[in-house]
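Asks: Here it is: the structure, laid out below.
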Ligand code: 13P
Ligand code: SF4
């Protein structure tokens, strides 16, 4: 089967089997084309509670599939690639955070949504990169313990100087690997281009950017901007998707190595297997875990609007 035939078969089977395919924007273009909805982490978590289908296939990473399961416990939720974890989500465990909380008893614990369900059970509110500033700003408590991404925490702290934000040293190995020297060199190579970066990048990279924002923030900025050239400082799929959408503009990669291997572990044949009911991994969570872990996601949706 060629790509087109596989895509046609996926479209046919998902309709026949009442399946909704959600794809994070870091998925490759052939997968985005067969998805019912594509978006960043926040958009996908909001959709998770609303889709009417019996089965949801999440083309993304494990914490995203867990979020769908928590918000729609009666649905069958399939993670397209069983090996698609997020290294950042697994950097801190429940025991560590319980111990840290003892030292910061009067702090509100804010968890980036890139955390395991187990870790979410000991946190107060979740945020995503597109909602973090709004949500932290809406929390009454001045004292915030932000986990696990220290780069996103620094970005939020800069926007909200009135807050006392403490953080631990965690983060995305893909975004945090980008150096200031790479950003300087990309700007020198493309002097007419605007640099757009994700807040998971190091602060010294973000400081050089013309715009810092989430996946959907970067995409919206590039679509609406009058500028014609952009250096994309996030996962390389975003440059590819934008190039399809805006053929009159030019999108350059900040680094050829800006690839999340976990996001990219889903392939079109794997999605085809999932719609046939043969592949992926069904997410199983106990009702107790769901009840405990989803509180901070519900709080995110309440404060994020
Ligand atoms: P957003 O989708 O919130 O931009 O996050 C990017 C990311 O790294 C997802 O894992
Ligand atoms: Fe996790 Fe980073 Fe990959 Fe996102 S890009 S899934 S944060 S490793």
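Just so it is clear, none of the values below were taken in a lab; they were calculated from the coordinates. Because the structure is predicted, anything quoted here is derived from the model rather than measured. All Cβ positions, glycine included, derive from the backbone under ideal geometry; neighbour counts span all protein chains shown.
Asks: How high is the relative contact order of the chain, in percent, with contacts defined as C-alpha pairs under 8 Å that are six or more residues apart?
Replies: For the chain, the relative contact order is 23 percent.
Asks: How many percent of DSSP beta bridges within the chain run antiparallel, rounded to 5?
Replies: Once the DSSP bridges in the chain are tallied, antiparallel ones form about 5 percent.
Asks: Hey, another quick one. Kirkwood Rh, the range 1-128, all Cα pairs: how many Å?
Replies: 15.8 Å
Asks: Taking all pairs of distinct Cα atoms, average 1/r, flip it, and tell me the Kirkwood hydrodynamic radius of the range 205-296 in Å to one decimal place.
Replies: Kirkwood radius, the range 205-296: 16.3 Å.
Asks: Separate question: What span do the alpha-carbon atoms of the range 38-80 cover on each of the three principal axes, reported in whole Å from largest to smallest?
Replies: So the three principal-axis extents are 23, 19, 16 Å.
Asks: Using only the Cα atoms of the range 44-117, what are the Rg and Dmax in Å?
Replies: Spelled out, the Cα radius of gyration and Dmax of the range 44-117 are 14.5, 44 Å.
Asks: Out of all Cα-Cα pairs in the range 93-138, roughly what percent, to the nearest whole number, are more than 15 Å apart?
Replies: Value for the range 93-138: 43 percent of Cα pairs lie more than 15 Å apart.
Asks: Place the peptides 55-62, 15-22 in order of packing, highest mean first, counting for every residue the other Cβ atoms within 10 Å and averaging per peptide.
Replies: Averaged packing, sorted descending, gives the order 55-62, 15-22.
Asks: Mind giving me the nanometre distance, one decimal, between the label points for residue 210 and residue 227, set 7 Å out from Cα along Cα→Cβ?
Replies: Modelled inter-label distance: 0.3 nm.
Asks: Under a crude label model (7 Å from the Cα following the beta-carbon direction), how far is residue 17 from residue 244 in nanometres?
Replies: About 2.2 nm separates the two model spin labels.
Asks: Pairs of Cα atoms under 8 Å, at least six residues apart: use those to get the relative contact order of the range 200-305, whole percent.
Replies: Answer for the range 200-305 is 16 percent.
Asks: Need one number: the % of Cα-Cα pairs in the range 148-252 sitting beyond the 25 Å mark.
Replies: Across the range 148-252, Cα pairs with separations above 25 Å total 20 percent.
Asks: What is the gain in length, in nm to one decimal, between residue 180 and residue 118 on full extension, counting 0.36 nm per residue of separation less the C-alpha to C-alpha distance?
Replies: So the chain would gain 18.9 nm between residue 180 and residue 118.
Asks: Further question on the same structure: If I take R0 = 51 Å and measure r between the Cβ atoms of residue 164 and residue 278 in this structure, what FRET efficiency does the formula 1/(1 + (r/R0)^6) give, to the nearest 0.05?
Replies: That gives a FRET efficiency of 0.50.
Asks: How much length is gained on full extension from residue 292 to residue 101, taking 0.36 nm per residue of separation minus their Cα-Cα distance?
Replies: Between residue 292 and residue 101, full extension yields 67.0 nm more.
Asks: Sticking with the crude label model, points 7 Å out along Cα→Cβ, report the distance from residue 189 to residue 49 in nm, one decimal please.
Replies: About 4.3 nm separates the two model spin labels.
Asks: Which order do the peptides 246-259, 172-185 come out in when sorted by mean C-beta neighbours inside 10 angstrom, highest first?
Replies: 172-185, 246-259
Asks: If I take R0 = 25 Å and measure r between the Cβ atoms of residue 141 and residue 36 in this structure, what FRET efficiency does the formula 1/(1 + (r/R0)^6) give, to the nearest 0.05?
Replies: My answer for the efficiency is 0.10.
Asks: Work out how far the C-alpha atoms of the chain reach from end to end along every principal axis, then list the three figures in whole Å, largest first.
Replies: Over the chain, Cα extents along the principal axes are 55, 54, 29 Å.
Asks: Additional query: If you average 1/r across every pair of different Cα atoms in the range 1-73 and take the reciprocal, what Kirkwood value do you get, in Å?
Replies: In the range 1-73 this quantity evaluates to 12.4 Å.
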